[in-house]
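Here's the structure, in structure tokens; my notes come after.
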Amino acid sequence: SGVVILNETVARQLFPGGNAVGQYVRIGNDPKRSELEVIGIVADASIGDLRAPHAPFVFRPRMQEGMRTPVLLFEFTTDAAAADAAVSRVVDSLGHEYVRRIYSVDEYASEALIQERLLAGLSGFFAALALLLAVVGLHGSLAYDVTQRTREIGVRIALGASRPAIIRMIVRDGVAVALLGALIGIPATLAVSRVAESMVFGLGP
């Protein structure tokens with residue numbers, strides 16, 4: 001009979017009341033997988049999908065499955081390119097094998113997170129665009145307000161209002177608009193960040 005290694009999630013699901021090691025499991029309807037002995041339990045890990053760190057997984061020996069494409073894992077302390085070249089030379093020297101692809105754990109994680117990087121890039125672009133529109137809108141609003149109050153400003157100056165006082169009045173109106181926007185925008189931003197955190201892996205508020 002064959003052997004398998006279960007991750008902790010599968011072990012808890014199949015054997016909630018005891019030790020899974022030494023027990024037997026069945027995978028699908030294949031007769032070759034009808035009696036597989038559990039020989040070990042491993043911790044949960046993100047495999048294939050970094051967003052699902054506790055997905056159930058059962059590990060089978062590749063040669064036991066009859067697969068012809070082995071995967072070699074190696075650790076190096078020198079330059080990555082030099083290590084890749086050395087491994088390729090050793091595999092090529094066998095005469096009947098070749099290296100299909102070499103990539104690091106960081107490269108694998110980077111490819112797995114391409115959706116997150118794309119979403120982060122688009123979010124940053126639209127955030128900058130929204131900020132630009134807000135600045136232009138606020139400037140236009142203040143300019144329109146000043147234009148509409150030209151006569152009022154003239155009267156105030158005629159009555160003795162100083163230039164700094166007029167500037168403070170205009171700035172005060174602009175700050176009031178900005179504070180109102182902040183009171184509305186900050187709670188909305190916090191709410192949206194919670195939604196984004198649930199959709200994008202590794203993103204905090």
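The values are calculated or read from the model by the stated rules, or taken from the named source; none is laboratory data. These numbers were taken from a predicted model, which means no experiment stands behind them. Because the Cβ atoms are built from the backbone with ideal geometry, glycine has one as well, and the counts that use them run over all protein chains shown. Keep in mind that these areas ignore ligands, DNA and RNA; they rest on the heavy atoms of the full protein, side chains included. Shrake-Rupley method; radii C 1.70, N 1.55, O 1.52, S 1.80 Å.
Annotations
- Using the Cβ of residue 159 as centre and a radius below 14 Å, the other residues enclosed give a net charge of +2, where K and R count +1 and D and E count -1.
- Screening the chain for DSSP H helices whose Cα atoms reach 15 Å or more along their own axis and whose mean Kyte hydropathy is at least 0.0 gives 80-92, 114-148, 163-199.
- Largest GNM mean-square fluctuation across 159, 113, 129, computed for the chain with C-alpha springs under 10 Å, falls on 159.
- Max mean-square fluctuation residue, GNM over the chain, Cα-Cα springs under 10 Å, options 14, 94, 183: 94
- The mean of 1/r over all pairs of different alpha-carbon atoms in the chain, once inverted, gives a Kirkwood hydrodynamic radius of 24.4 Å.
- Computed from backbone phi, the HN-Hα couplings of the stretch 19-36 come to 6, 7, 5, x, 7, 10, 10, 10, 10, x, 9, 5, x, 6, 10, 7, 9, 10 Hz, rounded to whole numbers (Karplus: 6.51 cos²θ - 1.76 cosθ + 1.60, θ = phi - 60°; Gly and Pro given as x).
- For the pair residue 132 and residue 97, the difference between a 0.36 nm per residue extended length and the Cα-Cα distance amounts to 6.9 nm.
- Remark: the chain carries 76 Å² of accessible area per residue (probe radius 1.4 Å; ligands, DNA and RNA excluded).
- Sites residue 26 and residue 55 - FRET efficiency at Förster radius 25 Å, r taken between beta-carbons, to 0.05: 0.80
- Loop-resident sites, the stretch 77-115, for chymotrypsin sites (Phe, Trp or Tyr not before Pro), counting at most 16 other Cβ within 10 Å (DSSP): 98, 103
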